[in-house]
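None of the figures in this text is laboratory data; all of them are computed from the coordinates on show. Keep in mind that what you see is a predicted model, and the values were worked out from it rather than measured. As a convention, Cβ positions derive from the backbone with ideal geometry for all residues, glycine included, and neighbour counts pool all protein chains shown.
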C-alpha cells in the first residue's frame with residue numbers, strides 16, 4: 001500500500017479492487033483446501049502403508065515360527081514307526097531274553113531313550129492313555145468298540161498305539177479300543 005496512487009480512487013475502482021481481492025482470497029482459500037485434502041490423502045495412504053508393513057512383519061514372524069515349530073511334521077511322522085517298533089521290541093522282551101541277551105536288549109533300550117530325547121528336544125510329546133481313561137476324540141482314535149463288563153461306555157479298554165503331539169498340534173492320535181457297555 002506504500003506505492004498507492006496519491007489521487008483518491010473512485011467508488012467503482014475501490015469496489016473493483018475489493019472484488020479482485022475477494023476473488024484472490026477465495027482462490028487462495030480453495031488452493032489451501034486442495035492442499036489440505038491432498039495432505040490428508042497422503043497421510044491416509046502413509047498410515048495404510050504403515051499398517052500393511054506392520055501386518056506383513058507380523059505375518060512373516062508368525063510364518064517363521066510356524067515353519068520352525070511345524071516344518072518337520074513329515075519327518076516326525078516318518079520317525080513314529082521307529083518308535084513303535086522299538087516300543088514293541090522292548091514290550092515283548094521276556095525276562096529270559098533279557099537275561100540271555102542283556103547287551104542286545106540294553107542296546108534297544110538305549111536307542112529308545114535317545115529317540116525319546118530327540119522327540120523331547122523337537123517338541124514331540126507322547127499321548128499315552130491308560131486302560132480306564134475316558135475316550136477323548138481330540139487325541140484318541142477309536143479302533144474298535146466292544147462291551148466289557150466292569151467298564152463304562154466311553155472308557156478306554158485297550159491301547160493299540162500311543163499318540164503324539166508336535167508342540168500343540170496333534171501329529172497322530174492314540175489308537176484305542178473303547179467300551180460300549182451300556183449303563184445299567
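Which semi-axis lengths, in whole Å and largest first, follow from the square roots of five times the eigenvalues of the Cα gyration tensor of segment 11-70? That gives 57, 4, 4 Å for the three semi-axes.
Counting only alpha carbon atoms, the long axis of helix 73-92 and the longest principal axis of the chain meet at about 20°. Which label belongs to the value computed from this structure, given these candidates for Kirkwood radius over Cα pairs in Å: (1) 24.2; (2) 18.2; (3) 17.0? Step by step, Kirkwood radius over Cα pairs in Å for this structure corresponds to label (1). Counting neighbouring Cβ atoms within 10 Å and putting the fewest first, the residues 94, 181 line up as 94, 181. Against the empirical 2.2 N^0.38 Å (N residues), segment 77-184 has a Cα radius of gyration ratio of 1.25. DSSP assigns beta bridges within segment 124-184; of those with both partners inside it, close to 65 percent run antiparallel. Taking the square roots of 5 times each eigenvalue of the Cα gyration tensor of segment 124-184, largest first, gives ellipsoid semi-axes of 23, 9, 8 Å. Taking the 0 to 90 degree range and rounding to the nearest ten, how far is the long axis of helix 102-121 tilted relative to the main principal axis of the chain, both from C-alpha atoms? Helix 102-121 and the main axis of the chain meet at about 20 degrees.
As a rough footprinting exposure proxy, the listed residues 112, 29 were ranked by other beta carbons within 10 Å of their own, and the order from fewest upward is 29, 112. When every Cα-Cα distance of segment 47-117 is counted in 5 angstrom steps from zero, the calculated P(r) takes the values 3, 13, 15, 13, 10, 8, 7, 7, 6, 5, 4, 4, 3, 2, 1, 0 percent.
Cα axis of helix 11-70 to longest principal axis of the chain: angle in degrees, 0 to 90, nearest 10? Roughly 10 degrees between the two axes. Cβ crowding within 10 Å, taken as a proxy for footprinting-reagent exposure, orders 86, 170 from fewest neighbours to most as 170, 86. For the chain, the antiparallel share of DSSP beta bridges with both residues in that region comes to about 65%.
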